[in-house]
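Input: a single structure, listed below in structure tokens.
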Amino acid sequence: MTTRSDLLGSVTESSRTALLRSEEYEDLFDQAPVIFAALSGPQHLLEAANPAFFDVFGGERRATGVPVGELFPELVRQGVLDRLDAVYRTGTAYRARGGRLVLGTPGAEREGFFDFTYEPRRDGSGRIDGVIVIAVETTAHHHAQLLAAEQRVLLEQIARDAALGEILTGMARAIEELAPGLLVSVLLLDPDGKHLRHGTGPSLPDFYNEFIDGIAIGPRVGSCGTAAYLRAPVVVSDIAADPRWEGYQETAARAGLAACWSTPIMSGDDELLGTFAMYHRTPKEPEDKDVALSAAFARITALAIERHRALEAGRAAQEREKAAREDLAFVLEASTAITREPHYFDCLQCMARLTVPALAPLCTVHVVEDGRPRRIATAATDPTTECLLTSAGIRDDIDRALARVLSSGRTETGGSCTPALTARPDITGYACVPLTTRGCTFGVLTLLATDRPLDGHVVALAEELARRAASSADNAHQFSDRVQLARDLQAGLLPPELPSIPGAELAASYHPAGEGLDVGGDFYDVFPLPDDRWALMVGDVCGRGAAAATTTGMVRHTARAAARLLNDPADVVTAINEALTEGTTEDTFVSLVYGELRHAGSRLSLDLMRAGHVPPLVRRADGTVEELAHPGLLLGIERDVAGTPCHIELSRGDSLVLVTDGITEARSAEGTFFDEHRLADALTSLPGTAPTAAAAVTAAVTAAVTAFAGDSTPDDQAVLVLTAT
């Protein structure tokens, strides 16, 4: 090995030190939303982890250098260490979707669901020295799916006029399955308006259901009687110590009940229908999940009770039934339409369009940006109605109402605080409804009525629509953030801009696979070398995600370091291969075209090395196309990749075209490959050269692939074109 090669080997080896590896981990994952941890050795010592890891597994346990089984003992009994042992022992990655874990110390446990990847990590000699853990928490998605499924079942029961008892009992059992440990009870308002009657309580003892059947509504009548009296949720975390349960504590203790959280069930017209209660057998405060379940199913219970009353009330009640059906259809159809929108602003703008004229003739949507509300959508039945927003008094009233709703997170429907809105005869009502998700109010839906009052029924629909739209917008926002993160990481693996080479023009194109959620393995680079030389390369790393990104970075940095020390392209490719075979896993390989360019009089002289990559093409100025099918092995598989460069010269108007296999392996709807022949045809069909020849060649290639295979592609597509000028 030459002295220069020894220096390169030293640089490559130093890049794999623990310190630099930790810095690379921090650069890649410190701000990432994914959960990351690096475990070393057979004891799985916690070597490094990002903040997201500690946020999920325990913010107070941030120690490193400790076996993960000691740091988080709850993982041991759930088989996590067994799986880590298997990955470390066998070198086979483990992946799981929707895996369930119970996290936290005794008394503070919580259930979580995750998508896991456990990847073996190897040292420079190829031995396994640790395990990399990457995970994404899907708890909210899991619970949302279960909640949505149960809600759909209940809504379907309501729609088919199932018996009220069947709906309530089904709902209670569904909640008890969603939240083990909770016991559900529903009490219905007695016709006298002063008492509560048994509705359902399938898991409560019969004697207890009989005992509370007919309790009075009052300020100190347990949780349910008090909630009905106050028309507000009542949380009793310890029945034995709460004075509101005086006279009921002995029976509750006999039934094994220690906590009760009750929510009044209100109709769309703000009429009390009953109470919805969740019991627990130990003293306990409700969690966010419990509050969400209570709110969601209280609304569904309200629909069920109203539906039942409507069916029993004869002709007048039939009209209410029709209205409830229309409301239900409106909410379902509207939420479906909103959910289809892929982007944050599109979801909210769709909501604005759907509210007019169904809920009101005029609607605005504001969201908070940089600490201030900004109007992003307006919908009106006609221009005259929309002109109401230009009135200074109305505009000022709306701005003040927005501030109050953003601060309180509660709907506002009028009052003395809005004199301009309430005093004008052409405005019959208004409502400002918060857009809230995950406990944060980020916007407001405002409705203005000019033809009829905005009653509680309309406001409830607006609140339901706003709730669903807020959730959809938040999901779209998170999706966009994930796509942007992948794009930012990908951008860091590509040159920010192509350099300017005298006597040549460069153009490039990169199109990520699918929706761009993962970092791809395709890359290209162009950089200067000593003696007025230039290096260029196009490559493809197998796989996607963090591993592919790490390998891509290593290949680019190794090439840039080696090319400045070595004058032969074959030596540079050999150095890259050595770095891959010594520093990556056995199943990591790279295809590559690496070349060096010199000026030879009026021509460009290139020496190209091809390593298992798509053959380069040369489009001459006269339109003919040549394929440079020089042999070469994939990198990262064998230690010996001996070969010689292929020499070409480019005259004015000649173009060197380098692509990745995402171009040639793009498939038509029938499954046919685009292949090298169609690529050559696309180049042949180009008209004569022009001052922007490189850009024109790049555009022709991408247009031909898109026309053949469509916009969506299962693999990344990269094109790099060099044209002699």
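The values are calculated or read from the model by the stated rules, or taken from the named source; none is laboratory data. Model, not experiment: these values are computed from the prediction. Counting neighbours? That spans all protein chains shown, and the Cβs are built from the backbone with ideal geometry, glycine included. SASA here: full protein model, heavy atoms, side chains in, ligands and nucleic acids out. Shrake-Rupley method; radii C 1.70, N 1.55, O 1.52, S 1.80 Å.
Express in nm, to one decimal, how much length is gained between R340 and A403 on full extension, taking 0.36 nm for each residue of separation and deducting their alpha carbon distance.
Fully extending the segment from R340 to A403 adds 19.7 nm.
Rounded to the nearest 500, what is the chain's calculated 222 nm mean residue ellipticity when only DSSP H runs of at least 4 contribute -39500 (n - 2.57) each, over all residues?
Values: 22 runs with 292 residues, N = 725.
The helix contribution divided over the chain gives -13000 deg cm²/dmol.
Put simply, when 702-708, 537-543, 128-134, 494-500 are sorted by average Cβ atoms within 10 angstrom per residue, most first, you get 537-543, 128-134, 702-708, 494-500. Would you mind checking the tilt of helix 344-355 against the longest principal axis of the Cα atoms of the chain, expressed as 0 to 90 degrees and rounded to 10? Computed tilt is about 40 degrees. Applied to the stretch 364-378, the Karplus parametrisation 6.51 cos²θ - 1.76 cosθ + 1.60 on θ = phi - 60° returns per-residue 3J(HN,Hα) values of 10, 10, 10, 10, 7, 9, 6, x, 10, x, 10, 6, 10, 7, 9 Hz, with x for Gly and Pro. Of the residues V186, G414, L75, the one whose Cα sits farthest towards the positive end of the charge dipole of the chain is G414 (charges of +1 on Lys and Arg Cβ, -1 on Asp and Glu Cβ, taken about the Cα centre). For I215, the residues whose modelled amide H falls within less than 5 Å of its own, excluding neighbours fewer than 5 places apart on the same chain, are L196.
Can you compute the FRET efficiency between S237 and D451 using 1/(1 + (r/R0)^6), with r the Cβ-Cβ distance and R0 = 45 Å? Round to the nearest 0.05.
For R0 = 45 Å, the calculated efficiency reads 0.45.
Computed about its Cα centre, the charge dipole of the stretch 579-676 is approximately 500 debye, with only Lys, Arg, Asp and Glu carrying charge at their Cβ. Full extension of the chain between A358 and R152 gives 71.9 nm of extra length, using 0.36 nm per residue less the Cα-Cα distance.
First check a/c for the stretch 363-475, with a ≥ b ≥ c the square roots of the eigenvalues of its C-alpha gyration tensor; if it is under 1.5, answer rounded, and if not, answer prolate when a/b is larger than b/c or oblate otherwise. Because a/c hits 1.5 or more and a/b exceeds b/c, the stretch 363-475 counts as prolate.
Would you work out if the stretch 151-192 is rounded, prolate or oblate? Take a ≥ b ≥ c from the square roots of the eigenvalues of the alpha-carbon gyration tensor; rounded if a/c is under 1.5, else prolate when a/b is larger than b/c, oblate otherwise. Verdict is oblate for the stretch 151-192. Extending 7 Å from the Cα toward the beta-carbon at both H677 and L332 defines two label points whose distance is 5.3 nm. Once C-alpha pairs closer than 8 Å and six or more residues apart are averaged by separation and normalised to the residue number of the chain, the relative contact order reads 8 percent.
Applying the Karplus relation 6.51 cos²θ - 1.76 cosθ + 1.60 with θ = phi - 60° to the stretch 72-87 yields 3J(HN,Hα) values of 10, x, 5, 6, 5, 6, 9, x, 5, 5, 4, 5, 4, 4, 5, 5 Hz, where x marks Gly and Pro. What base-10 log of the normalised intensity I(q)/I(0) is obtained for the stretch 498-569 from the Debye formula, alpha carbons as equal point scatterers, at q = 0.16 Å⁻¹? Result of the Debye calculation: -0.66.
Over all directions, average the projected area of the Cα convex hull of the chain and note it in nm².
Values: hull surface 159.9 nm².
The number I arrive at for the chain is 40.0 nm².
A simple rule links phi to the HN-Hα coupling: the Karplus curve 6.51 cos²θ - 1.76 cosθ + 1.60 with θ = phi - 60°, which for the stretch 604-620 gives 10, 10, 10, 10, 10, 10, 10, 10, x, 9, 4, x, x, 10, 10, 9, 6 Hz, with x for Gly and Pro.
The residues of the chain present an accessible area of 46 Å² per residue when probed at 1.4 Å with all protein chains retained.
Remark on D715: its backbone amide H falls under 5 Å from those of G514, a criterion applied only to residues 5 or more positions apart or on other chains, H modelled at 1.01 Å from N. Scaled against the 2.2 N^0.38 Å expected of a compact globular protein of N residues, the Cα radius of gyration of the stretch 185-262 reads 0.99.
Counting Lys and Arg as +1 and Asp and Glu as -1 over every other residue whose Cβ lies under 15 Å from the Cβ of A241, the net charge comes to -2.
Between helix 3-14 and the chain there is an angle of about 10 degrees, using the helix long axis and the longest principal axis of the Cα atoms.
Give the shape of the stretch 267-364 as rounded, prolate or oblate, defined through the alpha-carbon gyration tensor: a ≥ b ≥ c are the square roots of its eigenvalues, a/c under 1.5 means rounded, and otherwise the shape is prolate if a/b is larger than b/c and oblate if not. In terms of gyration-tensor shape, oblate.
Using R0 = 45 Å, the C-beta based FRET efficiency linking R410 and Q249 works out to 0.85.
In plain terms, if you count all Cα to Cα distances in the stretch 530-637 and split them into 10 Å steps from zero, the share in each step is 14, 44, 30, 11, 1 percent. Amide H contacts under 5 Å for R122: D129, restricted to partners 5 or more places along the chain or on a different chain, H placed in the peptide plane at 1.01 Å from N.
For the chain, a simple Cβ point-charge model (Lys and Arg +1, Asp and Glu -1, everything else neutral) yields a dipole of about 1160 debye relative to the Cα centre.
Sort 99-106, 393-400 by packing, meaning the average of other beta carbons within 10 Å per residue, with the highest value first. Don't jump to the answer; show the numbers that get you there.
Numbers: 99-106: 14.4, 393-400: 16.4.
Ranking, from highest mean packing down: 393-400, 99-106.
Whole Å is fine, so just give me how far the alpha carbon centre of the stretch 279-352 lies from that of the stretch 551-583. Between the Cα centres of the stretch 279-352 and the stretch 551-583 lies a distance of 61 Å. Backbone N atoms of the stretch 163-188 closer than 13 Å to the 7 Å Cα→Cβ label point of E312 belong to residues 163-166, 188.
Computed over the stretch 528-571, the quotient of the alpha carbon radius of gyration and 2.2 N^0.38 Å is 1.32. Label positions at A159 and T384, each projected 7 Å from the Cα along the C-beta direction, are separated by 3.9 nm. Between A86 and E210, the contour length at 0.36 nm per residue exceeds the Cα-Cα span by 39.1 nm.
With the full set of protein chains in place, find how many percent of the accessible area of the stretch 598-672 is carbon and sulfur; take the probe as 1.4 Å. Carbon and sulfur atoms account for 47 percent of the accessible area of the stretch 598-672.
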